[in-house]
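The values are calculated or read from the model by the stated rules, or taken from the named source; none is laboratory data. As the structure is a prediction and not an experimental result, all values here were calculated from the model. Note that we place each Cβ from the backbone using ideal geometry, even for glycine, and neighbour counts take in every protein chain shown.
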Amino acid sequence: MGLKNDRWIREMAEQYRMIEPFEPRLVREGRISYGLSSYGYDIRVADEFKIFTNVWGSLVDPKHFDPRSLVDFKGEECIIPPNSFCLARSVEYFRIPRGVMGICLGKSTYARCGIVVNITPLEPEWEGHLTIEISNTTPLPAKIYANEGIAQLIFLEADEMCEVSYRDRKGKYQGQKGVVPPKVER
């Protein structure tokens with residue numbers, strides 16, 4: 001497996017529609033950067049958020065997730081309560097080719113504010129909007145800016161094709177649109 005550069009990412013975006021919409025340059029002025037970088041792609045967070053709340057005294061259980069523990073919010077700025085988190089989604093829709101894997105890391109601008117971004121790997125032949133977990137680790141409210149950068153994707157191309165892709169095994173998050181809470185197949 002090898003790390004891929006900006007030229008390769010641009011070609012894959014054009015050939016496979018791997019990233020839509022695709023920004024062919026890094027957009028920076030007056031905003032948290034997004035778009036194509038040297039060895040990755042900085043994704044944006046959309047204006048749809050699900051903020052965790054303890055109003056109903058719910059337990060966060062991935063096998064029996066209570067949707068009442070989330071409050072829907074749509075807006076250009078989202079305030080995450082202290083020591084809490086929210087779910088969001090990427091602006092971009094992804095179609096990962098069979099011989100490719102994506103790894104996502106939070107942007108340093110948010111990390112320096114105590115905001116941690118978690119996104120699971122983009123597996124071969126997965127497609128959809130990324131569901132993004134944004135944690136506020138501080139004792140203060142934290143602001144997230146919609147339609148600006150939130151994390152960077154790094155792409156790796158395999159030396160050999162995998163035997164079973166995400167699509168082959170009919171992964172439960174295949175084709176997801178919007179913010180998707182956890183689910184367990186029954």
query = Given the structure, is residue 109 at negative phi and assigned to a loop (DSSP other than H, G, I, E, B)?
reply = no
message = I need the full set of residues from region 150-186 which are of a type in the set (Asp, Glu) and not in a loop (DSSP other than H, G, I, E, B), in order please.
response = 157
request  = Those residues that are in contact with a strand residue (DSSP E or B) (Cβ under 8 Å, 6 or more places away or on another chain) and of a type in the set (D, E, K, R), I need them from region 38-75; list them, please.
outcome  = 42, 44, 47, 48, 50, 72, 74
task = Kindly indicate the residue of region 127-158 that is under 23 Å from residue 172 (Cα atoms) and not hydrophobic (A, V, I, L, M, F, W, C) and also nearest to the chain's Cα centre (by Cα) among those meeting that condition.
result = 131
note = Taking region 59-75 and keeping residues in contact with a Leu (Cβ under 9 Å, 6 or more places away or on another chain) and free of Cβ contacts under 8 Å to residues at least 60 places away in the same chain leaves 66, 69
task = Being more than 30 Å from residue 11 (Cβ to Cβ) and touching a residue at least 60 places away in the same chain (Cβ under 8 Å) narrows it down to one of 49, 85, so name that one.
result = 49
inquiry  = I'd like the full set of residues that are exposed (fewer than 14 other Cβ atoms within 10 Å of the Cβ), more than 13 Å from the chain's Cα centre (by Cα) and either under 19 Å from residue 43 (Cβ atoms) or touching a residue at least 60 places away in the same chain (Cβ under 8 Å) (or both), limited to region 161-180.
reply    = 161, 175
remark   = Of the residues in region 22-41, those that are under 22 Å from residue 3 (Cα atoms) and under 17 Å from the mean Cα position of the chain (by Cα) come to 22, 23, 33, 34, 35, 36, 37, 40, 41
key: Single match in 157, 92 (criterion: among the acidic types (Asp, Glu) and crowded, with 20+ Cβ neighbours inside 10 Å)   = 92
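I need the full set of residues from region 39-79 which are among the acidic types (Asp, Glu) and either at pLDDT 90 or above or under 20 Å from residue 147 (Cα atoms) (or both), in order please.
42, 47, 48, 72, 76, 77
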inquiry  = Yes or no: region 113-129 includes at least one residue that is crowded, with 18+ Cβ neighbours inside 10 Å and in contact with a helix residue (DSSP H, G or I) (Cβ under 8 Å, 6 or more places away or on another chain).
reply    = yes
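Just checking, how many residues over region 10-38 are polar (S, T, N, Q), at pLDDT below 95 and surrounded by 12 or more Cβ atoms within 10 Å (Cβ to Cβ)?
The qualifying residues number 1.
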query = Of the numbered conditions (1) buried (at least 21 other Cβ atoms within 10 Å of the Cβ); (2) free of Cβ contacts under 8 Å to residues at least 24 places away in the same chain, residue 185 satisfies every one except a single condition; which is it?
reply = (1)
